[in-house]
Amino acid sequence: TQLNHIRVIERARPAKSSRMRDLQYAIAFGALGGLMLGGMIVALREYLDDTIKSPFDIVTYVKVPVVGMVPRVDSSEEVERSLYTHIHPKSPAAEATRALRTYIELNPTGQPPRRLMVTSALSSEGKTSTAIRLAISYANLGRKVVIVDMDLRRPRIHKVFGDPRDIG
């Protein structure tokens with residue numbers, strides 16, 4: 001037989017707070033680091049974003065006055081969207097179009113313009129609808145209006161007025 005002279009002097013206990021404190025520090029530093037990294041990404045993205053989102057951005061960055069703002073008309077059909085101010089003459093879009101026409105008429109040169117060009121940087125921003133609305137607004141004043149669709153890729157004015165797409 002074998003004799004073991006093993007005796008328990010004191011029971012083993014886990015360290016009181018060293019691991020728990022390390023875990024709490026790791027969680028705190030991880031959360032703080034994540035917040036700082038997220039904030040830096042947001043700040044960098046905002047710094048690199050050069051899109052124009054408001055009239056204030058136009059005045060600040062492009063340094064030109066805002067002529068007018070016409071609200072977007074939510075309609076799936078292009079004819080209804082383009083003729084919206086004619087169909088609904090008391091709508092906010094019609095009033096904004098008349099205000100835009102008035103601003104153009106009262107320009108600093110003192111003479112009303114004989115020609116207007118409606119353009120934008122991207123497609124589907126409402127050039128056709130705005131041009132048609134302005135033409136209708138000028139026609140309502142009793143002016144003679146000629147509207148020419150110069151969009152050679154996707155002409156659409158003939159669709160709005162129900163005319164055939166012929167030369168001339």
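The values are calculated or read from the model by the stated rules, or taken from the named source; none is laboratory data. Just so it is clear, the model here is predicted, and its values are computed rather than measured. Heavy atoms of the whole protein, side chains included, go into the accessibility calculation; ligands, DNA and RNA do not. Shrake-Rupley method; radii C 1.70, N 1.55, O 1.52, S 1.80 Å.
Find how many whole Å separate the alpha carbon centroid of the stretch 34-58 from the alpha carbon centroid of the stretch 101-139.
Comparing the Cα centres of the stretch 101-139 and the stretch 34-58, I get a distance of 33 Å.
Ranked from the most accessible area to the least, with a 1.4 Å probe and all protein chains present, what is the order of D166, D49, D74?
On the way: D166 115, D49 60, D74 140 Å².
Output order, biggest surface exposure first: D74, D166, D49.
V62 accessible area, nearest 10 Å², 1.4 Å probe?
70 Å²
For the chain, what does -39500 (n - 2.57) per DSSP helix run (n ≥ 4), summed and divided by total residues, give at 222 nm, in deg cm²/dmol to the nearest 500?
Numbers: 6 runs with 73 residues, N = 168.
Mean residue ellipticity, 222 nm, calculated: -13500 deg cm²/dmol.
For the chain, take the longest principal axis of its alpha carbons; what is the angle in degrees between that and the long axis of helix 18-48, to the nearest 10 within 0 to 90?
20 degrees
In degrees between 0 and 90, to the nearest 10, how far off the longest principal axis of the chain does helix 92-105 point, with axes built from Cα atoms?
60 degrees
In square angstrom, what is the accessible area per residue of the stretch 20-168 with a 1.4 angstrom probe? Walk me through the numbers on the way to the answer.
Numbers: 12050 Å² over 149 residues.
Ligands and nucleic acids excluded, the result is 81 Å² per residue.
Ignoring ligands and nucleic acids, what accessible area does R143 show with a 1.4 Å probe (Å², nearest 10)?
Solvent-accessible area, nearest 10 Å²: 100 Å².
Given a 1.4 Å probe and every protein chain left where it sits, what share in percent of the accessible area of the chain is carbon and sulfur? Mind showing how you got there, number by number?
On the way: 8690 of 14730 Å².
Carbon plus sulfur share of accessible area: 59 percent.
With an 8 Å cut-off on Cα pairs and a minimum separation of 6 or more residues, tell me the relative contact order of the stretch 1-123 in percent. Let's see the in-between values first.
Numbers: 43 pairs, mean separation 15.7, N = 123.
So the answer I get is 13 percent.
Note the full-extension length gain between T102 and E10 as 0.36 nm times their separation in residues minus their Cα-Cα distance, in nm to one decimal. Write down the numbers at each step before the final one.
Working: separation 92, 0.36 × 92 = 33.12 nm, distance 9.48 nm.
Gain on stretching T102 to E10: 23.6 nm.
Along each of its three principal axes, how wide is the spread of alpha-carbon positions in the stretch 16-168, in whole angstrom units, largest first?
For the stretch 16-168, the Cα extents along the three principal axes come out at 90, 38, 32 Å.
Quick one: accessible surface of E105, probe radius 1.4 Å, all protein chains present, in square angstrom to the nearest 10.
So the heavy atoms of E105 present about 40 Å² to solvent.
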